[in-house]
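Since every read-out is calculated from the coordinates, none of them should be taken as a lab result. Since this is a predicted model, take the numbers as computed values, not measurements. Because the Cβ atoms are built from the backbone with ideal geometry, glycine has one as well, and the counts that use them run over all protein chains shown.
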Amino acid sequence: MEDVVDLVLKRILMEDKYGNQCVCEQCTNDIKAIALNNLKPRYIATEKGSVLSKANMFTVQSEIDVTKVLVEAMEKVNKLPKHRVME
Ligand SMILES: [Zn+2]
């Protein structure tokens, strides 16, 4: 799951509208941590009684979910910047 979050986050950050997103280690780690927390229950529920492999679970729908959760996590992190501004 973490790899998927990583991949989708990289894709989001390549979009113009997220060009201003701080991508320091602190912020990206926070974004991923929040996103993983929000995704976990959903994916555990999906896994129950399922014989699908992790790769197969990553359907188009789940990619949309991960994107949504990551954008929400980004907004949370942006409201509470924990990182030190080095400029
Ligand atoms: Zn930052």
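With a point put 7 Å past each Cα toward its Cβ, work out how far Leu80 is from Asp3 in nm, to one decimal.
Rounded to a tenth, the inter-label distance reads 3.1 nm.
What is the extension gain from Ala33 to Ile64, computed as 0.36 nm multiplied by their sequence separation minus the C-alpha to C-alpha distance, in nm to one decimal?
Value of the extension gain: 9.4 nm.
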